Amino acid sequence: MSYPPAPPPPGSEPPEPYPSGDHPQGSYPSGQYPPGSYPPGSYPPAGYPPGSYPPGPYPPAPGYYGGPPPRNGMGITALILGLVSIVGAFILGLGIIPGVLAIIFGVVGYRRSTRGEATNRGIAIAGIVTGIIGVLLAILAIVLLITVFRHAGIGDYVTCVRDANGDQARIDQCMREFENRIPGYTSTTP
């Protein structure tokens with residue numbers, strides 16, 4: 001940023017911008033001066049006093065601070081819940097609830113970002129994606145768990161124990177039958 005030159009002391013004439021006859025466009029007729037120069041004895045308009053600076057940008061109006069801060073909480077919450085749902089999916093399928101919440105919060109955060117109320121559109125989208133992945137993994141884990149239990153005969157074992165009516169010999173027989181259905185399982189009890 002450049003400042004205009006300081007005015008010359010009173011009683012002196014301002015320097016000519018070009019020596020006589022050296023003006024790039026030639027000489028000017030008598031009484032006319034090149035653009036940006038002043039007639040002898042006159043001074044350029046007053047600039048800022050020496051040592052002072054021009055005023056800075058205007059301060060904001062009272063009560064105005066550039067608008068409300070961005071509302072990024074929904075997108076951040078969606079991402080955290082999405083990550084929790086992925087981890088929870090491997091713990092007995094507990095990722096369904098945080099995954100669904102991550103999708104809901106992510107959609108709300110995405111809508112806020114499209115309206116200009118939030119600045120974290122990418123985080124909201126990541127929350128939606130991780131929520132969907134967490135829900136899908138939790139459903140897969142539940143299906144695998146049910147399949148393994150059915151294949152192992154858990155239902156048959158529970159029915160056998162219930163039909164034993166507390167007879168320990170029959171309960172032990174149910175346990176041996178269940179153990180025989182599990183491949184590679186060897187009992188450590190005598």
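The values are calculated or read from the model by the stated rules, or taken from the named source; none is laboratory data. All values derive from a computational prediction rather than experimental measurement. With ideal geometry, Cβ positions are generated from the backbone for all residues, glycine too; neighbour counts draw on all protein chains shown.
Okay, here's what the table says:
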read-out: Criterion: surrounded by 13 or more Cβ atoms within 10 Å (Cβ to Cβ), assigned to a loop (DSSP other than H, G, I, E, B) and free of Cβ contacts under 8 Å to residues at least 60 places away in the same chain - qualifying residue of A118, A138; value: A118
read-out: Check on G75, closer than 14 Å to V135 by Cβ and part of a helix (DSSP H, G or I); value: no
read-out: Test set (1) surrounded by fewer than 17 Cβ atoms within 10 Å (Cβ to Cβ); (2) in a helix (DSSP H, G or I); (3) modelled with pLDDT of 85 or more - R162 fails condition number; value: (3)
read-out: Filtered residue count, the range 87-100, keeping only those that are modelled with pLDDT of 95 or more and either part of a loop (DSSP other than H, G, I, E, B) or crowded, with 19+ Cβ neighbours inside 10 Å (or both); value: 2
